[in-house]
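Report on one structure; see the data block that follows.
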Amino acid sequence: MGFDINKMLVISKKEFADNIRNRWIIILTVIFVSLTIAASIVAGGGEIGSMDDTVAGLLSIASLLIPIIGIMLGYGTISGEANSGALAVVLSYPVKRAEVLFGKFLGLGSVLSLSVLLGFGLSGVVIAATTDAQWGGYLVFIGLSILLGLVFLSLSLCCSAILKRRVASLGAGIVVFFFGMIVGLVFLGYLQATGGDTMDLIMGNFENIPDWFWFFASLSPMDGYQTASTQAFDISEVFGYRMDLPEFLNMPNIVISQLLWLFIPLILAYLFFERRDI
Amino acid sequence: MSAGETAAIEARDLTKHFKDVKAVQGLNMKVQKGEIFGFLGPNGAGKTTTIKMIMGLVRPTQGEVLVKGDQVGTNTVEIRQNIGFLPERISFYENLTPVQTLNFFCELKGEDKSCIDALIEEVGLKEAANRKMGTFSKGMVQLVGVAQAMIGDPSIYILDEPMGGLDARWVKVVREKIKLLKDKGATIIFSSHILSEVENICDRVAIIDKGELVAEDTITNISKLLDIRPQLVIMIPGLDGEVPGVVKTIDGIERVGVGGDELVITCDSSLRARVISVLEEDGLKIEDIRTIEPSLEDAFVRLVSERGGG
């Protein structure tokens, strides 16, 4: 009667098989792999280079492309299939909606993880050859990158479950992406407006920045990801900027924040999907 | 309620409102085990919404659907184990082949995959069995849809416009298939907006319009209800779209229409001679007279459009 894990796995297997052949996902993965390899070579500079600079390069590529891959996988999976009629067939089978939804998340998440592993796996080979690599940190970094992708997959899946039309959920996916990009700027604007000085941030005078700013910044999935990644490598300075952050901005707290970003939209998606007319 | 056995499918006061649109309104109907039940109505009448409520895809605003006595909900897994469903609008996964797609559906139903080759052959897609479905035409996708509905030999089939998008040859195949399934004891509901698609194979028919049940009966009784009368077509040169005034003086004429030089009169056959003599006495020159027998289809279209007018 309850939740049938096998049915969920059947759904995720199908999602994986279908989306691993998705043209856009293949193109984005190729771009991702090429850029990460290029970044590793450039940062290595032909001799043993700085791992810190390599990470900074990889981080900016990953921050851009991984959310896009997550959104591409998620935005149409409910609304698009509801519009096309594919979902009506699946839901006419002896399968519960929860099994379909979580199966989709698992299958699409596997495609995303594979894409990230490919990108960082191949660049890892380059890094091993060109820098004094920190492998422990690198593995944590890969884990954080997959987590970031899953957060955006979950957010776009949620939009897809709530919105009626495929186009609307694509629009929502784009909004989610830009939200992730600019939410830090919103806090920055508020900091300036309340008498803070953004120059302190740029000059690295972090002791002048109030703690609430860091708290909200860590709540933003993108900023949290970047902060946690630099911490994974024990980096305190990136391209000449000091990274001296408050105590509570530590790895476990940031991971908890990311997990909330992952599970809350996923639960919301489930609640809406249960009630949705297909 | 009658004391007979439980109906295969029963709708009780089934109602669905989308915001201010009353898609289905207080629908009551019963489909008995082993019958082919035609579900007829023009586009937008509420057929698809009703079928989706039977499948638990759409939640009724009011009322309920019972399948073999059990109430349908969005997660009633046991009921769906035994139903084959073909939605009106269908699509599968662009990057998967028919074999991969049917494999997936077999796994979802917990059925043996050995039936897949036979199903693919049966719907005539053997050549395309291992081609990605992204390249398929609408008709080919529909045939994969027919194949998936037959997985596991269900005892109830619910087919929403099963012949839509198919060419004449495949319409015939699907029709034969439906008869064959009935012979095996299956209960089949299929919807259509074209009467001729259902009239020769259905045991009983329900007509739905604007979300309400207009009639539920055998084809013979429905034909009586639709009141099929022959029409008299009289050719009078120079008529040019005008109904001669003298026609209105004849009692017993039900309808008068005119198209160009042709006067179309619906009346009892005993009145025909009188109509013609009155026209001739009025000095009109009749060039040709013929009668046309309207099809059930015409009557159906008329019934529906009359409801639209009222």
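By count of other Cβ within 10 Å, fewest leading, how are A:MET8, B:MET133 ordered?
B:MET133, A:MET8
In the Gaussian network model of chain A, springs joining C-alpha atoms below 10 Å, which of A:ALA39, A:ALA86, A:ALA62 carries the largest mean-square fluctuation? Largest GNM mean-square fluctuation: A:ALA86.
Prolate is the label for the protein assembly as shown, because the ratio a/c of its alpha-carbon gyration tensor axes (a ≥ b ≥ c) is 1.5 or higher and a/b is greater than b/c. Largest GNM mean-square fluctuation among B:GLY241, B:GLY152, B:GLY73, using chain B with Cα springs under 10 Å: B:GLY241.
Partner shielding of B:199-206 amounts to 0, given as the average count of beta-carbon atoms from other chains within 10 Å of each residue beta-carbon.
What FRET efficiency comes out for A:ASN208 versus B:PHE18 if R0 is 56 angstrom and r is the Cβ-Cβ distance? Round to the nearest 0.05.
Once the sixth-power term is evaluated, E becomes 0.50.
Among B:MET53, B:MET163, which comes first, second and so on when ranked by fewest other beta-carbon atoms within 10 Å?
B:MET163, B:MET53
What is the helix-to-structure angle for A:5-19, meaning the angle in degrees between its Cα long axis and the longest Cα principal axis of chain A, kept from 0 to 90 and rounded to the nearest 10? Helix A:5-19 sits roughly 70 degrees off the main axis of chain A.
For region B:100-169, what does the alpha-carbon gyration tensor say about shape, rounded, prolate or oblate, given a ≥ b ≥ c as the root eigenvalues, a/c under 1.5 as rounded, and a/b over b/c as prolate?
Details: a/c = 1.84, a/b = 1.19, b/c = 1.55.
Verdict is oblate for region B:100-169.
For chain B, the relative contact order works out to 19 percent when only alpha carbon pairs closer than 8 Å and six or more residues apart are counted. Based on C-alpha pairs under 8 angstrom that are at least 6 apart in sequence, chain A has a relative contact order of 25 percent. Springs between Cα atoms under 10 Å define the GNM used for chain B, and in it the highest mean-square fluctuation of B:ASP153, B:ASP288, B:ASP112 occurs at B:ASP288. Between helix A:221-232 and chain A there is an angle of about 50 degrees, using the helix long axis and the longest principal axis of the Cα atoms.
Taking the Cα centre of the protein assembly as shown as origin and assigning +1 to Lys and Arg Cβ atoms and -1 to Asp and Glu Cβ atoms, the resulting dipole is close to 880 debye.
Note on B:VAL278 and B:ASP298: with the Förster distance fixed at 35 Å, the Cβ-Cβ geometry gives a FRET efficiency of about 0.85. For the Cα atoms of chain A, what angle does the longest principal axis make with the long axis of helix A:251-275, in degrees from 0 to 90, nearest 10? It is inclined by approximately 20 degrees. Taking 22 Å as the limit for the C-alpha separation, the pairs B:LYS52/B:LYS224; B:LYS22/B:LYS47; B:LYS30/B:LYS182; A:LYS14/B:LYS109; B:LYS138/B:LYS177; B:LYS126/B:LYS182 exceed it in the case of B:LYS52/B:LYS224; B:LYS126/B:LYS182. A Cβ-based charge dipole, computed about the Cα centre of region A:5-274 with Lys and Arg at +1 and Asp and Glu at -1, lands at about 1760 debye. Going by a ≥ b ≥ c, the root eigenvalues of the Cα gyration tensor, does region A:5-274 fall in the rounded group (a/c under 1.5), the prolate group (a/b larger than b/c) or the oblate group? The shape class here is oblate. Shown for chain B are the DSSP H helices of 15 Å or more along their axis, judged by Cα atoms, with a mean Kyte-Doolittle hydropathy of at least 0.5: B:138-149. Only Cα pairs under 8 Å and 6+ residues apart enter the sum, and on that basis the relative contact order of region B:5-44 stands at 38 percent. Taking every residue in B:90-100 and counting other chain Cβ atoms within 10 Å of its Cβ, the average works out to 5. For region A:134-139, backbone phi angles converted through the Karplus equation (6.51, -1.76, 1.60; θ = phi - 60°) give residue-by-residue couplings of 10, 5, x, x, 5, 5 Hz, Gly and Pro being listed as x. Remark: chain B projects, on average over all directions, an area of 20.7 nm² (convex hull of Cα atoms).
Any read-out appearing in this document is the output of simple, stated calculations on the displayed coordinates, not a laboratory observation. Since the structure is predicted, the reported quantities are computational estimates derived from the model, not experimental observations. For neighbour counting, all protein chains shown are included, and Cβ atoms are generated from backbone atoms with ideal geometry for every residue, glycine included.
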